[in-house]
Amino acid sequence: MVNTTVTLSGITLDNPVIPASGTFGFGYEFADIYDINILGSISCKGTTKAPRFGNPTPRIAECTQGLINSVGLQNPGIDKVISEELPKLAKVYSKPVIANISGFSIDDYAYTCEKIDSEPQVGIIEVNISCPNVHNGGMSFGTDAGTALAVTKAVKAVTTKPVYIKLSPNVTDITEIAKACEQGGADGISLINTLMGMRIDLKTKKPVIANKMGGFSGPAILPVAVRMVYQVYEAVNIPIIGMGGISCAEDVIEMMLAGATAVQVGAANLVDPCACKTIIEDLPAVMQKYNINSLQNIIGGSH
Amino acid sequence: MNQGTYSVLSNINIAKDVYKMILGGDTSQITAPGQFINIKLDGLYLRRPISICDNDENTITIIYKAVGKGTEMMSRFEAYKNLDVLVGLGNGFDISKSGDRPLLIGGGVGVPPMYSLCKALLDKGVKPVVILGFNSLEDVFYEKKFLNLGVDVYVATVDGSYGIKGFVTDVIPLVGEYSYFYTCGPMPMFKALYKTCVTSGQFSFEERMGCGFGACMGCTCKTKNGNKRICKDGPVLEKEEIIW
């Protein structure tokens, strides 16, 4: 028998597989398809202080082995997430969840974080400082070490729950940002968010996406994500949730060998609603194939 | 929603660049006319959403136009090919609001969902009037299929090469009184119908989708009843809630 459990900031996960924020809603939609309690955890749809419609459509562009999205943090706002969405999820999912929050000012982040802090369902708060699809916010906090540090300090001051900062790959040196977050008191790092990308329609000769550019995700970005997780693992001493293009059990193991304690699966959920279920079911056999008895023991194993 | 393997039973060309494919497999998750399926294609990352034209217990008929990489690939599929398909997506049309003489207005590849809708209305004893709009004679399909259901069918072509010359809106004054309308087709047709049709009605929208089942928020639009995901809360919206 192989052991798929991992421990993330004191929380034991049955397995390291977590659907990524923005690709799984608030989870309950998937409960009609399979028993989502098999998941290690769930990273919920990114939440902001006020409700947001997001960007105009088209918001989606297909790419070779991936897609570009420009949803722009559509969400019902923190109050409705607490009063409506999380209770719906609680009915179908009994484990601690990851709340993903975003903002347009440091005060926004602190406000949303403080509100979500009182939710017993939330085990970890994931702070998204890397959304490429909103102006004057999101990614601008994650591309400068100084602001990343300031956001981390601000959210840490208002919560006792573990805080993971979700980083953007659209930077010159991701280790600098990761180190700033660690210095600010972050309990862990999530990476990578999407890579900035763009497609142009040959028929219209205009950008496919209404917002012109968006975030590129899917299997094509896995090597970039593995590289950045590897670099950040060497730079900091806090746990990493690794993500970017994971679509099979082998990818999970590769990401963990690079340094991830747990992983998130994003784009794959959109193509195959059972992607996480299949990965979780495949993990034991793939572990056996590579002589792995315990996933916890392989974290950072490639270093 | 059901995810399963569906087998291509037939795939034939029925009009210019337009193909009719019959898939064999479980149809128990289809609950209303106007729903769609989402097909995984080898080598393409996103699935292709296609409206359901007709179904029985074991087969699904879809009609699609080969306009891009995915649909061109589909047009070359031969019988017995197996496909990974999500079935029973979207809300579909609400037939309870039809009244006794609804109009079914299909434009181009918006025609297919009108066929299962027509059958569903006839099943509950309502006889609709069908209006089909195409660009030209070479694009026309399914007129006879509707006629075989025993309903009145009007065909309009923009260039006048077949049927009534003009747009579907030019046909509406000819059909007499109607109780309601259902439509699927291109956006300019929708806008014209919104102005022309005096009754309430339902529009089936199209949007670029990520997942097709409500997870990614890739296809959200604003309505008077709040944000709606075209794939999950749509594709059918009621006239009164649409913001143009």
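The values are calculated or read from the model by the stated rules, or taken from the named source; none is laboratory data. All values reported here derive from a predicted model rather than from experimental measurement. Neighbour counts are summed over all protein chains in view; Cβ atoms, including those assigned to glycine, are modelled from backbone coordinates with ideal geometry. Please note that ligands, DNA and RNA were not included when accessible areas were found on the heavy atoms of the full protein model with its side chains. Shrake-Rupley method; radii C 1.70, N 1.55, O 1.52, S 1.80 Å.
Numbers at a glance
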| quantity | calculated |
| --- | --- |
| Elements of type helices (runs of 4 or more DSSP H) in segment B:131-212, at least 2 residues being modelled with pLDDT under 95 and surrounded by fewer than 23 Cβ atoms within 10 Å (Cβ to Cβ) | B:187-196 |
| Residue that is assigned by TED's automatic domain parsing to the domain that holds B:Val129 and closer than 20 Å to B:Pro33 by Cα, where the choices are B:Val158, B:Val153 | B:Val153 |
| Whichever residue in segment A:262-292 is in contact (Cβ under 8 Å) with a residue 60 or more places away in the chain, open to solvent by 10 Å² or more (accessible area, probe 1.4 Å) and among the β-branched types (Val, Ile, Thr) and, among such residues, is nearest to the other protein chains (Cβ to nearest Cβ) | A:Ile280 |
| Boolean, B:Cys216 is within 14 Å of another protein chain (Cβ to nearest Cβ) and either closer than 30 Å to A:Phe24 by Cβ or under 21 Å from the mean Cα position of the chain (by Cα) (or both) | yes |
| Positions within segment A:56-115 being within 18 Å of the chain's Cα centre (by Cα) and among the charged types (D, E, K, R), in sequence order | A:Lys95 |
| Strands (runs of 3 or more DSSP E) wholly inside segment B:1-108 that include at least 2 residues being of a type outside the set (A, V, I, L, M), over 17 Å from B:Phe213 (Cα atoms) and not assigned by TED's automatic domain parsing to the domain that holds B:Leu121 | B:2-15, B:18-24, B:48-55, B:59-65 |
| Residues located in segment B:217-233, provided they are open to solvent by 10 Å² or more (accessible area, probe 1.4 Å) and farther than 18 Å from B:Gly92 by Cα | B:Met217, B:Lys222, B:Lys224, B:Gly226 |
| In segment A:113-122, the residues that are open to solvent by less than 10 Å² (accessible area, probe 1.4 Å) and more than 24 Å from A:Ile177 (Cα to Cα) | A:Ile116, A:Val122 |
| Members of segment B:202-212 that are in contact with a helix residue (DSSP H, G or I) (Cβ under 7 Å, 6 or more places away or on another chain) and either facing chain A (nearest Cβ under 7 Å) or among the hydroxyl-bearing types (Ser, Thr, Tyr) (or both) | B:Ser204, B:Gly210, B:Cys211 |
| Any hit, segment A:103-111, residues being open to solvent by less than 20 Å² (accessible area, probe 1.4 Å) and not in a helix (DSSP H, G or I) | yes |
| Odd one out for B:Leu103, checked against (1) open to solvent by 20 Å² or more (accessible area, probe 1.4 Å); (2) over 20 Å from B:Thr5 (Cβ atoms) | (1) |
| Segment A:240-260, subset of a type outside the set (A, V, I, L, M, F, W, C), crowded, with 24+ Cβ neighbours inside 10 Å and away from chain B (no Cβ under 14 Å), residue farthest from A:Ser41 (Cα to Cα) | A:Gly259 |
| Enumeration of residues in segment B:219-238 that are in a loop (DSSP other than H, G, I, E, B) and more than 7 Å from chain A (Cβ to nearest Cβ) | B:Lys224, B:Asn225, B:Ile230, B:Cys231, B:Lys232, B:Asp233, B:Gly234, B:Pro235 |
| Unmet criterion (only one of (1) open to solvent by 40 Å² or more (accessible area, probe 1.4 Å); (2) assigned to a strand (DSSP E or B); (3) away from every other protein chain (no Cβ under 14 Å)) for A:Ile125 | (1) |
| Residues of segment A:196-227 satisfying the condition of being among the hydrophobic types (A, V, I, L, M, F, W, C) and either in contact (Cβ under 8 Å) with a residue 60 or more places away in the chain or within 14 Å of chain B (Cβ to nearest Cβ) (or both) | A:Met196, A:Met198, A:Leu202, A:Val208, A:Ile209, A:Ala210, A:Met213, A:Phe216, A:Ala220, A:Ile221, A:Leu222 |
| Index of the failed condition, A:Gly46 passing every other in (1) of a type outside the set (Val, Ile, Thr); (2) in contact with a Lys or Arg (Cβ under 8 Å, 6 or more places away or on another chain); (3) more than 9 Å from chain B (Cβ to nearest Cβ) | (2) |
| Breaking point among (1) among the hydroxyl-bearing types (Ser, Thr, Tyr); (2) under 18 Å from the mean Cα position of the chain (by Cα); (3) open to solvent by 50 Å² or more (accessible area, probe 1.4 Å), for A:Ser168 | (3) |
| Candidates A:Ala220, A:Ala235, A:Ala186 - the one that is open to solvent by less than 50 Å² (accessible area, probe 1.4 Å), closer than 19 Å to A:Ile279 by Cα and of a type in the set (Gly, Ala, Ser) | A:Ala220 |
| Residues (outside any loop (DSSP other than H, G, I, E, B) and without any contact (Cβ under 8 Å) to a residue 60 or more places away in the chain) located in segment A:37-61 | A:Asn37, A:Arg52 |
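Matching residues to (1) open to solvent by less than 50 Å² (accessible area, probe 1.4 Å); (2) closer than 20 Å to B:Met114 by Cα; (3) of a type in the set (S, T, N, Q); (4) away from chain A (no Cβ under 14 Å):
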| position | (1), (2), (3), (4) |
| --- | --- |
| B:Met1 | no, no, no, no |
| B:Thr27 | yes, yes, yes, yes |
| B:Ala32 | yes, yes, no, yes |
| B:Ile37 | yes, yes, no, no |
| B:Arg47 | yes, no, no, no |
| B:Ile50 | yes, yes, no, yes |
| B:Asp54 | yes, yes, no, yes |
| B:Ile63 | yes, yes, no, yes |
| B:Met73 | yes, no, no, no |
